[in-house]
Every structure is written in C-alpha cells, then in structure tokens.
Amino acid sequence: MVILRSDVVVKRGGWRRGSGSRRASPASDWANPGSKMALNPMLEGMATTIALGIGILLAVGPPLAEARASNTPLVRVDDTQVEVYSDDGKLIERHTLNDKGEKTGPFEAFGTGGGVTARGTYRKGELHGKFEEFTEAGELLRESMYSRGVRDGFLREYIFNVCVLREIYKDGVLNGRWESFDPENSHEINATYKRGVLEGRYVEYRFSGEWKREANYKKGLLHGAAKITFGKKSVSKRKWEKGRLVDLDGIAPFPVPLETLRAELAEARVVPEAGPGAKAGDPLSPDRMVALGRLRTYRAACGVPWRHLRLDRRLNDLCDAASEVSQGNGKLSHTPEQPAGMDEERFQQGSKGAGNSNLSSGPMASSVDSYMDDSDASNIDRVGHRRWCLNPSMGVTGFGQAGRWSAMWAMDQSGPGPGKAKTILYPPAGYVPVDLFGPRHAWSLHALNGRMPQSADSLEIRVVRLDEYFQEVGPPLELDWKSLSTEGFGGSPCIIFRPVGVKVNPGARYSVTLQWTKGKEPDHRYLVEFVAGPSR
C-alpha cells in the first residue's frame, strides 16, 4: 500500500488506480466566471488525491488490462508528470507537479477523440496565466486570463472562430469593458462593469445597427435618460430612477412601485377577526372577513380608498336576509317575490337587502371575484357589480350567505369619495397581479369626472402587446366588445371594452390608448403589466 502525502516526493514510474470512476466532463463545463478554481470536479479531486495525498491510492497493479476490467480511471506518474486515463484507457489529463505535489507548469485536458480540449498553466496548485478551451474538432471556444486561481484580465468566447463575448475581470469579478455579439440574431451589446455590477453607458444594437437602445446604469440599476432609435429616427424616450421606469414617452407607466403595491395589497388582504362589524358567535364571520379582504384588495389595486372600509352588523344581517330570499326563490333578483313560507318581516329585510346589494349564486368568500369579473353576456354591457365594488364613496358594507346564495351590500355613500382622482381603471394602470384579472375579463374605465365620448362609434381603442423594451409587438388586439354605460352604477359613467387574445401571465404587458376627441394626444393612455400574485 502506498500513501502519498504532501511531504513525500512523487514516486517515479508506474501505474496507480484512481479512487473514482466518473468520466471527465466536456471542457466547456470546466470554466465558471469568477470562480476560485474552475476545473472539472472529478479532475480536481483526482489531482488532489495524487498530489496532496487526500485519500489512499490502491496498491500498484498490473498495467492497463486489470484497470480496464475494474472500470476505474488510471493515473500514471512519471517523474513529476502525471497522466490521467479514463476507464477505457483514453488520456483525460496531463499535468506536472512540483516537489510539494502541487500542480505547477503546463496543463492539458483531452477529449474522447484525443484532441486537446483545454490548455493552461498552473503555479503552486492554482491556474495562472492564459487558459484556453477548445471543441473536440480543435476550434477555440474560450480564452481567459487567471491569476492565483481566479480570473484576472480578459475573457473571450468564440463560436465558429467568431468572437461573441469580451469581458474584463479583476480579482475574479467583472470590471471593465463588456461586449457581446450574437451574429445569428444580429444583436450586440456594449457596456461597462465596475466591481461586478453594470456602471455607466449601455448601448444595444439590433438589425445590423438600425435599431439602437441607449441607457445608463448606476450601481447596477438603470438610471437616467434612455432612448431607442431606428435609423436616425427617435422612436421612444424614457427615464429611469434607480431601476424604476418613471417616464415612458410622456406617461408614468407604473404609478405605484411594485414593492409598494405588494405591501399595500398584503395589508388590504388581511381583516382582523375582532374588527368593526364582527359579531360574537357569528358562524359566518370568517367568510365575511375573507370577502371584505378580497374587496379591499381590488380597491387597493385600483387606487380606490379602502383602509376605512368596514363591515356593518346591520348590513350583514340584511345581506343574510337577501341570500335567504334568493335561496327560497331559487334565483337572483333585486326585486324579489316573497318565497312561500317566509316570514313577512324577514322578507321585507331580504327585499331591502336584495335591492341594495350585489347578488351571487356562489359563496360569499369568492363572490367578489365574480362581481369584479362581471363579463358574462348579461352584465358586460354595464359591469354594474364591478362599479359598485369600486365605488370610491363606499364607507361600509355587509356580506351575507344562505346555502349557496350570497349578497354584498353595495349602495353606500358614507365614504371619503374619489378625491382628486378622475378615473378608475380595471385592470388598473401599472402592475396587476394575475390573481386579480382574467384573459376574458372586460376592461373598463370609470369616468369619475363624467368626461365620456358621445357614442361608442366615436371611440377608438388600441390595446397592443409590448415587448421587453416596452415597444409594440404586432398589430392592436381585436375587440369583441365595446360599449358605453351612462347609468349611475357606482356613481360614474363607464367605458367598457374587451380585447381578444390577452395573455394574463407574469411579464405580459400592454399599451392602452382611448381617443374620441380630435386632439393629437389620446384622451387616455396607460400601460398594464401583469405580475405574479401572492404566494399561497
């Protein structure tokens, strides 16, 4: 048995059987930008076993035949040169050792065809100097500089001998000019890194240089003026502040930052069980709280006042009565008949509740989602339930249920009102969690200031998909519904439309314009971007 230790000079000549049986990985897997030691783990482990004595080499055996039969890689040590072989006898790696058993000097790795797939130099066990990687056919894949085991200097990557990436490293992190080029897609980027993050001017080209995006980074975040040009024509101007897009061609695309919105929605979603409107011993109290939380969430997302909104016990009872009437009649009606056998006084309470409430044939906990959808054939022309849910003047509400029937008190005017807001949008402008909207939901604009087109025919609506650069992709989506509703549901008239083919998934974004006057600028222009909903 021979044990190699760091204080023992490597024995001259002979074969030794390694302790592992894995094959070497392709050379392209060996390098990892910025890593301390970026060689294949199997080779590193084997070299360590040989040179530093971590582990025990099995007894010296007969040369190649027995090694092949045992299906273990072989190591040949000749003076200070080490050769590593695969289980089928092919050379995997060749390197040299100093008198301390450390890799020092030339290093080569070989592919299955016998060609060199990696080449470099070690100094005292660490990569130092130029390191090159090749395809099995011998074409250069990557060349980079190392100092004491970490990248330091240039890195270049190639595809079919064309340089597609240039980077500069310092002490293992990106630091300096950064350039990439995708010849197949005619895509080029020029940028600068400082201590591992983007800093300064950023320029991106497409379509052989015709399309150009210019921006600036500060501490890794987009910051300052940016623009996109096509040829000599400017097609878009925007402004960023610490990674947030604050101006897109004259509009504020995200009125509320995503982090702020998520925090507000999380707050709106949770209703204290012992809050106003709760009643001791009420078996429906948990469901009422869930329904109220869902209503508050929609209002918060749409920028409608919600913090003051609370349940009223009396209204809860009237909604329970309205639900009992719906259950007794087996149908929904805001002007119901008295069910057979129902007490007159209770019917009068139920009739009052039905006449002032949104009604649903589903449980109250999920009823708010149905009211906000409101896009079925009997409701899409006015989306009245939605407008009551988003009524900014609502101050209190109630929820009730009987069997599968439920009700939500809608006609309250005790709240703070719209304030300075002129419109309510659904889906709202900016970020929209995907759990608050659906692909077949109607879109609506509630005109709190009463400013509306004279007719649907005079109204032009464009909903267009935007790409990652906030530029239009393809033609405007077809609309399968467009109407005006001047009734007073929720206290304001409403524009209703429904585009076909909307993708409600995180990252999908749309530009929306509505115009009915003859001005150069649209009457309304905003952006909608869908984002992930809350984690359950």
Going through region 502-536 one residue at a time, which ones are free of Cβ contacts under 8 Å to residues at least 60 places away in the same chain and small (Gly, Ala, Ser)?
Gly507, Ala508, Ser511, Gly519, Ser535
For the structure I just gave you, tell me whether Ala263 is without any contact (Cβ under 8 Å) to a residue 24 or more places away in the chain, more than 17 Å from Gly415 (Cα to Cα) and open to solvent by 80 Å² or more (accessible area, probe 1.4 Å).
no
Which one of the conditions (1) within 24 Å of Val256 (Cβ to Cβ); (2) more than 32 Å from the chain's Cα centre (by Cα); (3) polar (S, T, N, Q); (4) open to solvent by less than 40 Å² (accessible area, probe 1.4 Å) does Asn449 fail to meet, given that it meets all the rest?
(4)
If you take the residues in region 367-384 that are of a type outside the set (D, E, K, R), out of contact with any His (no Cβ under 7 Å at 6 or more places or on another chain) and free of Cβ contacts under 8 Å to residues at least 60 places away in the same chain, which one is most open to solvent (accessible area, probe 1.4 Å)?
Ala377
Please find, within region 331-347, the residue that is farthest from the chain's Cα centre (by Cα) out of those that are within 17 Å of Met411 (Cα to Cα) and open to solvent by 40 Å² or more (accessible area, probe 1.4 Å).
Thr335
Region 74-101, residues that are open to solvent by 50 Å² or more (accessible area, probe 1.4 Å), closer than 28 Å to Leu140 by Cα and touching a Lys or Arg at 6+ places or on another chain (Cβ under 6 Å):
none
For the subset of region 456-470 comprising residues that are in contact with a strand residue (DSSP E or B) (Cβ under 7 Å, 6 or more places away or on another chain) and open to solvent by 40 Å² or more (accessible area, probe 1.4 Å), which member is farthest from Leu425 (Cα to Cα)?
Asp467
From Ser236, Ser144, which residue is of a type in the set (Ser, Thr, Tyr), farther than 30 Å from Leu91 by Cβ and surrounded by 15 or more Cβ atoms within 10 Å (Cβ to Cβ)?
Ser236
So, in region 327-346, of the ones that are in contact with a Gly (Cβ under 8 Å, 6 or more places away or on another chain) and outside any loop (DSSP other than H, G, I, E, B), which residue ends up nearest to Pro363 (Cα to Cα)?
Gln327
Somewhere in region 487-495, is a residue part of a strand (DSSP E or B) and either modelled with pLDDT of 95 or more or under 23 Å from the mean Cα position of the chain (by Cα) (or both)?
yes
Taking into account only those residues within region 510-534 that are charged (D, E, K, R) and more than 20 Å from Leu265 (Cα to Cα), which is nearest to the chain's Cα centre (by Cα)?
Arg525
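The values are calculated or read from the model by the stated rules, or taken from the named source; none is laboratory data. Being a predicted model, the structure only gives us computed values, none of them experimental. Reconstructed Cβ throughout: ideal geometry from the backbone, glycine too, with neighbour counts over all protein chains shown. Accessible surface areas use protein heavy atoms only, side chains included; no ligands, DNA or RNA. Shrake-Rupley method; radii C 1.70, N 1.55, O 1.52, S 1.80 Å.
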